[in-house]
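Comments concern the structure below.
The values are calculated or read from the model by the stated rules, or taken from the named source; none is laboratory data. On a predicted model such as this, the values are computed, not experimentally measured, just so you know. Here Cβ is always computed from backbone atoms with ideal geometry, including for glycine, and neighbour counts include all displayed protein chains. These accessible areas exclude ligands, DNA and RNA; they are computed on the full protein's heavy atoms, side chains included. Shrake-Rupley method; radii C 1.70, N 1.55, O 1.52, S 1.80 Å.
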Amino acid sequence: MEFIYYEDFHTSSASSQFRKLLASAGEFTASSGGIVSDSCRITLPNGQRFLALSFHGDRDGWRNAVEAGARTLGLRLARIQGGHLMVSDGQSVPLSECKVDFG
């Protein structure tokens, strides 16, 4: 299983944003597994917020779809590494400085 966080574009509910992200991905190449929107939200000290999703099975295929959708929508992606949220624009923010909401 793999987790990716995508930038919250604040236009609608998390589930609607998740659907829009996937709809913007183009053709899916994932051959197995699935992808789901998770309830976790991470808010950086500057107010920027990221929503979680997870996927399993053909992780490369699902990762490619998420990255393509984010590119199309102009969204940043992030990952957790070593206690930091690593954002695709180069930011590295300690999780201890972020607000993490699981609801």
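Those residues that are surrounded by 14 or more Cβ atoms within 10 Å (Cβ to Cβ) and assigned to a strand (DSSP E or B), I need them from the range 1-24; list them, please. Please lay out each step first, then the result.
Taking the range 1-24 as the starting set, the residues that turn out to be surrounded by 14 or more Cβ atoms within 10 Å (Cβ to Cβ) are 2, 4-9, 14, 17-18, 20-22, 24.
Answer for the range 1-24, where residues must be surrounded by 14 or more Cβ atoms within 10 Å (Cβ to Cβ) and assigned to a strand (DSSP E or B): 2, 4, 5, 6, 7.
Please name all residue pairs, on different chains or six or more residues apart, with Cβ atoms under 8 Å, provided the first residue is in the range 27-48 and is closer than 30 Å to residue 92 by Cα and the second residue is assigned to a loop (DSSP other than H, G, I, E, B) and not charged (D, E, K, R).
The qualifying pairs are 39/102; 39/103; 40/102; 42/98; 43/98; 44/91; 44/98; 45/98.
If I ask for residues that are farther than 19 Å from residue 2 by Cα, open to solvent by less than 50 Å² (accessible area, probe 1.4 Å), not β-branched (Val, Ile, Thr) and not in a loop (DSSP other than H, G, I, E, B), which ones from the range 56-103 would you list?
Across the range 56-103, the qualifying residue is only 94.
Pairs, please: C-beta under 8 Å, at least 6 apart or cross-chain, first residue farther than 18 Å from residue 64 by Cβ and in the range 1-20, second open to solvent by 40 Å² or more (accessible area, probe 1.4 Å) and of a type in the set (Ser, Thr, Tyr)?
Sorted first by the residue in the range 1-20, then by its partner, the pairs are 14/37; 14/39; 15/37; 17/11.
For the range 25-55, give me each residue that is among the β-branched types (Val, Ile, Thr) and open to solvent by 50 Å² or more (accessible area, probe 1.4 Å). Before you say what the answer is, go through the steps one by one.
First pass over the range 25-55, keeping only residues among the β-branched types (Val, Ile, Thr): 29, 35-36, 42-43.
Residues satisfying the conditions are 29, 36.
Condition check ((1) over 14 Å from the mean Cα position of the chain (by Cα); (2) modelled with pLDDT of 95 or more; (3) farther than 30 Å from residue 96 by Cβ) across all residues:
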site	(1), (2), (3)
30	yes, no, yes
45	yes, yes, no
67	no, yes, no
74	no, yes, no
